[in-house]
Structure formats: structure tokens, C-alpha cells
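The values are calculated or read from the model by the stated rules, or taken from the named source; none is laboratory data. Values in this document were obtained by computation on a predicted structure and should not be read as measured data. We place every Cβ from the backbone using ideal geometry, glycine too, and count neighbours over all the protein chains shown.
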């Protein structure tokens with residue numbers, strides 16, 4: 001997710017590869033679908049390149065400070081609402097919503113204050129989650145207002161996760177849509193009719209950075225290839241990120257052997273050219289179920305609707321023993337200077353497309 005260059009410090013080789021100088025021509029800086037290359041004129045292209053270099057430099061400095069012990073969060077994930085229009089089988093929020101103390105939604109002004117404070121603490125990547133974030137509102141304010149506010153504050157990248165049954169806000173740099181299998185299985189897990197609504201909405205979307213997010217559980221563990229094929233054949237989806245379910249509920253988690261078989265299949269699909277976004281190294285580390293000792297909790301902060309803050313993960317604790325979150329592995333590998341992970345994550349999640 002970060003960009004680095006190589007330099008020496010006290011006799012050691014520290015990896016901070018200048019990403020902008022090592023991109024393959026097919027990667028995003030040279031992809032004409034990317035917004036900053038759609039602008040006309042050399043001035044606009046030059047400004048885009050300067051912006052990318054500035055963002056790259058920030059990530060390099062952040063990386064070095066982390067090595068030296070000055071650890072600051074880089075990613076701010078804001079849970080802006082617990083409300084959702086679906087009742088997914090594995091979602092613990094939906095099942096326990098009456099037990100969760102109010103407020104169940106953050107106000108616009110509170111969100112704005114939290115974004116500014118988080119930016120001042122060092123975060124530069126901003127994600128909105130729920131619930132279903134596209135259903136968040138505060139008076140006339142919608143998720144679009146939060147996205148625009150994040151950009152105005154200075155976040156390099158804004159993104160959100162959605163079930164895709166409502167509106168798409170294309171102003172966001174990154175859009176993650178939930179896709180848990182072909183129609184029958186997806187609808188069983190999510191809610192009847194959701195697959196068709198997702199696909200109908202995607203038909204209207206022209207955005208370079210929409211990717212699907214699959215949560216592998218007993219219901220769909222044998223449908224990974226079929227799901228990857230759906231993504232590959234859909235011109236409106238630009239990749240597939242795969243996670244295992246992190247409990248609860250225990251009934252929806254895979255055994256370690258089932259995870260092993262799934263990882264082998266996913267790596268094989270990646271080799272075959274399917275658009276799997278997980279880095280190969282992170283996929284292998286998904287087999288380390290208890291990731292608590294490797295989790296770079298300091299790199300990611302969460303802001304909840306009541307404005308409380310958590311570092312690492314809202315599920316931190318017992319759930320760590322069977323952690324299925326791929327992003328945690330990617331973060332960890334980045335902070336350890338794994339070049340292949342850095343390169344595979346940078347263009348997708350770390351540099352602005354706007």
C-alpha cells in the first residue's frame with residue numbers, strides 16, 4: 001500500500017523504493033482510465049505527477065519513522081452508521097443492533113471534527129464503513145459530503161465499502177462492493193434480490209477503482225473460482241479481494257485445513273491471471289490464524305459512531321485468534337518492507353486517482 005525507495009541508514013539497507021520510478025507502464029500511473037491522465041494539457045499531467053511524488057514522499061517518511069519507533073496511524077476507518085438495509089447471515093451488527101448503545105450514526109459536524117483530528121495525527125487514507133455507509137445521512141448531508149470533506153482536508157485517498165444496492169458515489173477514489181458468490185449463494189448470504197440489484201447498479205458505474213470483496217465461509221468456500229470468474233468477466237469490477245470470516249459467528253468460520261485449500265486455490269487463480277488483489281505473501285499469512293503478535297495495530301485507527309476510537313480493529317480481542325482480515329496482513333507486510341506487497345497495494349489503495 002505504500003511507496004518506497006532504497007537508501008542506507010547506519011550501514012543497513014532500508015527499503016523505501018520510489019514507487020513512481022519503478023512502475024510498469026501497464027500500472028496505474030500509465031493507465032488512461034485514471035482520472036489525472038484524463039485531464040488535457042501538460043500542466044495538468046505535471047501537477048498529477050507532482051501530487052503523486054508528494055504522496056509517495058509522505059509514505060516513505062512515515063515508513064522510516066515507524067522503523068525508528070515513531071509510529072503513527074496511516075489509515076482512518078470511520079464507522080459512520082450501524083444502520084443497514086440488509087440482514088446478512090454473518091453480520092453481528094444487524095443481529096445485535098438493539099443492544100448497541102446510541103448513537104448508531106455520527107453527525108456530520110462530529111465526523112468532520114474527527115477527520116480533521118485524525119489527519120493531524122498523521123492518517124492520509126480515509127475509509128467509510130457501516131452498516132451501509134451509502135444510507136448514512138445527517139439532514140441534507142450524505143456520504144458524498146463526507147467524501148468531499150475528506151478530500152478538502154487533504155486525505156490522499158478516500159474509499160468506502162458498500163453492498164451496492166443503493167447509490168454509488170463515484171467521487172471516491174476507491175469503492176469496495178460486497179460479492180460473496182454467484183446469484184443464489186450471494187442472495188442466501190446477503191438477502192434475496194441483492195445480487196441483481198448490485199449488478200444492475202454496477203452497469204451504470206464507470207470508475208477505475210471498483211473492486212469486489214468476498215468473505216469466504218462454509219456457504220461459498222467451493223465457489224471461489226466461480227466468483228473470481230464473475231469479477232473477471234464484469235468490465236465494471238476491477239479486481240477481487242478475498243477474506244476469511246473473522247468470528248463471531250463461529251459457525252461461519254472455516255477450519256484451518258479448509259483455509260489452506262482455499263489459499264492454494266486463490267494463489268492458483270492468481271497465477272492463471274484472475275484479478276485477485278490479495279498479495280501472494282498476504283494470502284499465505286492468512287493461514288496464521290492468531291495474528292495478534294504480527295498485527296500492526298498502530299497503523300490503523302477506527303472512529304465509531306459515538307466518536308470512541310480503536311486501534312487495529314474493532315474486533316480486537318478473542319476474535320484475533322481466528323483473524324481472517326486480509327488487510328491486516330497487507331498492513332503488516334508493508335510495515336515490514338515487503339516490496340511485492342508494497343507494489344501490489346500502492347496503486348490501488350495509497351495514491352489518489354482524482
statement: Within segment 107-138, the residues that are part of a loop (DSSP other than H, G, I, E, B), touching a residue at least 40 places away in the same chain (Cβ under 8 Å) and over 24 Å from residue 352 (Cβ atoms) are 131, 132
- prompt: Only one residue in 184, 171, 203, 132 is within 19 Å of the chain's Cα centre (by Cα) and farther than 30 Å from residue 56 by Cα, so which one is that?
  reply: 132
field: In segment 301-326, residue modelled with the highest pLDDT [restricted to those that are part of a helix (DSSP H, G or I) and surrounded by fewer than 20 Cβ atoms within 10 Å (Cβ to Cβ)]
entry: 322
field: Residues (more than 18 Å from residue 123 (Cβ to Cβ) and part of a loop (DSSP other than H, G, I, E, B)) located in segment 327-352
entry: 336, 337, 338
statement: Counting only residues in segment 67-98 that are free of Cβ contacts under 8 Å to residues at least 40 places away in the same chain and closer than 30 Å to residue 195 by Cβ, the one surrounded by the fewest Cβ atoms within 10 Å (Cβ to Cβ) is identified as 98
statement: Checked segment 166-180 for anything assigned to a loop (DSSP other than H, G, I, E, B) and either in contact with a strand residue (DSSP E or B) (Cβ under 6 Å, 6 or more places away or on another chain) or buried (at least 23 other Cβ atoms within 10 Å of the Cβ) (or both); matches are 172, 173, 179, 180
message: Quick check on this structure: which one of 346, 327, 350 is in contact with a strand residue (DSSP E or B) (Cβ under 7 Å, 6 or more places away or on another chain) and under 23 Å from residue 118 (Cβ atoms)?
response: 350
message: Suppose we filter 197, 190, 121, 151 for residues that are assigned by TED's automatic domain parsing to the domain that holds residue 218 and touching a strand residue (DSSP E or B) at 6+ places or on another chain (Cβ under 8 Å); which single one remains?
response: 190
query: Taking segment 274-290, which residues are under 18 Å from residue 213 (Cα atoms) and in a loop (DSSP other than H, G, I, E, B)?
result: 274, 275, 277, 278, 279, 286
message: Please list, ordered by residue number, the strands (runs of 3 or more DSSP E) wholly in segment 1-98 having 3 or more residues that are more than 20 Å from the chain's Cα centre (by Cα) and modelled with pLDDT under 80.
response: 4-9, 12-17
